[in-house]
Ligand SMILES: NC(=O)c1ccc[n+]([C@@H]2O[C@H](COP(=O)([O-])OP(=O)(O)OC[C@H]3O[C@@H](n4cnc5c(N)ncnc54)[C@H](O)[C@@H]3O)[C@@H](O)[C@H]2O)c1
C-alpha cells in the first residue's frame, strides 16, 4: 500500500500533502518545529489551506512530524524544500542536499523519491541521487527510483490550486515514470503530462518562470523608455494589446521565491557549460533595478512639487511580493525603502497581510503596527506598492486625509484614478 511522505511543508508541500491525504496515508515532515506545532493545531500561516481544509487533512489521518522515525514506513517520498539563491545569485542546494541525506537513512528497497523543488536540469540525478546512494548504500534504478514533478501553484491564488493545475511528471525509468504519473493523476483533476525524462521536466519548470521574467523585463524596459518620452506605458499597452498575439503584461517589481530566483538556476547551469545567457541575465538586471527607479521617480515628483526629501515622511503601502498574500520572500519593496532612506527620507511601511513577527526574518525594515489611515501622521508622499484589496478600496480623500500639503501619490500597481506618477 502506498504511504506518502511530503518533506518540506511550505507553500508547495502543505497543499500537496492535503491533496494526497484524500486518497492515501500521508505524513508531512518538516524541520521547522514551530511550523509542525502550528499545523498540528490546525493553523497554516501561509494561508494556502483554510482551517477547514487543514482539519479535513487531519481527519483524513495526515500526521505532521519532525521525527525521522515517523517517516520510516513510507514508500513514496516527495521533496518540496526551498531552492533559494545565495548573495551572489548562485543556486543554494543545501536544503535539497540535506533532505536527500536524511532520506538516504530511511530508504528501503523499491522506494520512490520524487523531487518537486524548482531546479536546473540535472540536479535530481547529479546532485540528489548521489546523496541518496551514499547514505542508503543502495543503487539508483536498481534498489530505489526517482521522479521529478515540478509545482506550478501561485501563492495566494485560490482559483489555480494544486489539483486544478495540469502537472508535469517524470521518472527515472519508463516504468517508474508511469507509476509517478499514475500517482499524480489519481489526485490532480486537471490531468498530468508525462515528460520524456527527469531533465526535461526540470528544464520545463525553470523555463516557465524564465520566460515570464524576460517578458516582464521587456515591459519594464519599455516603461523606462516611455517614461522618458512622456507617454503612459499602460495606455501604450492597452493600445498594443488590441493585436491578437501581443502578450499583455504590466510593468512592476519582480520579487518572490520563483520568478526572480529560478532564472538564476538556469543561468548558473548555462555558465557552468560555458554559455553566457545574456538575454536572461539582462532581464534579471532590468527587473532588479525597478525598485531603485521607482524611488528615484518618487524623489523627482516630490522635488517637482516643491517638497523637501531629507526628513520627509513617505508611506509605502504593501510589502509582500504580490497582492492578497502574506508571502514577502525576496520582496523588492525593500529596494525602494533602501533608496529613499539613502536620500534621508523617513519611510513608514504598512501591510495588513503580513505577520509582524515573521517579517523580521525576511525583511530588514520595521513595519507599522497600526493602520496609517487611522492615525494623525501626515505624509509627503505615498507609494502604492502592492494591490491588496484593502488598498484597492481606498478613495481619493483617504489619501488626501493623510497627506501633508499637496498629495504625491506614486502608483506602481495602477489602482488609483489620478496618481501623481504611475509605472
Ligand atoms: N511558493 C510557490 O508558489 C512555488 C511554486 C512553484 C514551485 N515552487 C518551488 O517549490 C519549492 C518549495 O517552495 P515553497 O514556496 O513551498 O517553500 P517554503 O519556504 O514555503 O517551504 C519549504 C519548507 O521546507 C522546510 N525545509 C527546509 N529544509 C528542509 C529539510 N532539510 N527537510 C525538511 N524540511 C525542510 C522549511 O522549513 C519550509 O517549511 C521551491 O523549490 C520553490 O521554488 C514554489
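Highest average first, the peptides 156-162, 143-149 ordered by how many other beta carbon atoms sit within 10 Å of their residues are 143-149, 156-162. May I ask you to derive the FRET efficiency for residue 355 and residue 375 from their Cβ-Cβ distance with R0 = 22 Å, giving the value to the nearest 0.05? Calculated transfer efficiency: 0.60. Taking square-rooted eigenvalues a ≥ b ≥ c of the alpha carbon gyration tensor, is the range 49-108 rounded, prolate or oblate, where a/c under 1.5 means rounded and, failing that, a/b exceeding b/c means prolate? The shape class here is oblate. Kirkwood radius and radius of gyration were both taken over the C-alpha atoms of the range 1-57, and their ratio Rg/Rh is 0.93. Placing pseudo-labels 7 Å out from each Cα toward the beta carbon at residue 50 and residue 68 gives an inter-label distance of 3.9 nm. In plain terms, the C-alpha convex hull of the range 230-356 casts an average shadow of 10.8 nm² when viewed from every direction. Spin-label model, residue 86 to residue 401: label points 7 Å out along the Cα-to-beta-carbon direction sit 5.0 nm apart. The peptide list 195-205, 334-344, put in order of mean Cβ contacts within 10 Å with the highest first, becomes 195-205, 334-344.
Over the Cα atoms of the range 132-254, each weighted equally, I'd like the Debye log10 I(q)/I(0) at q = 0.18, 0.21 Å⁻¹, rounded to two decimals. Debye intensities relative to I(0), on a log10 scale: -1.00, -1.14.
Let me know the shape class of the range 19-85, please: from the alpha-carbon gyration tensor, a ≥ b ≥ c as square roots of the eigenvalues, rounded when a/c is under 1.5, otherwise prolate if a/b is greater than b/c, or oblate. Here the range 19-85 falls in the rounded category. Run the paramagnetic zone check for residue 234: 7 angstrom along Cα to Cβ, then residues of the range 404-423 with backbone nitrogen under 14 Å. What the label zone holds, given the 14 Å backbone N cut-off, is 409-423. First check a/c for the range 77-186, with a ≥ b ≥ c the square roots of the eigenvalues of its C-alpha gyration tensor; if it is under 1.5, answer rounded, and if not, answer prolate when a/b is larger than b/c or oblate otherwise. Oblate, because a/c is 1.5 or more while a/b does not exceed b/c. Inter-label distance, residue 135 to residue 366: 4.2 nm, where each label sits 7 Å from its Cα along the C-beta direction. Using only Cα coordinates, the Kirkwood hydrodynamic radius of the range 289-422 works out to 14.7 Å. When the scattering of the chain is computed by the Debye formula from its Cα atoms alone, each counted once and equally, what is log10 I(q)/I(0) at q = 0.06, 0.07, 0.14 Å⁻¹? Those come out to -0.28, -0.38, -1.26, one per q. The calculated Kirkwood hydrodynamic radius for the range 187-300 is 16.1 Å, given to one decimal from all distinct C-alpha pairs. One quarter of the surface of the convex hull around the alpha-carbon atoms of the range 3-205 equals 10.5 nm², the direction-averaged projected area.
Every number here is computed from the coordinates shown, using simple stated rules; none is lab data. In this text, all values refer to a predicted model and were calculated from it rather than measured experimentally. Neighbour counts are summed over all protein chains in view; Cβ atoms, including those assigned to glycine, are modelled from backbone coordinates with ideal geometry.
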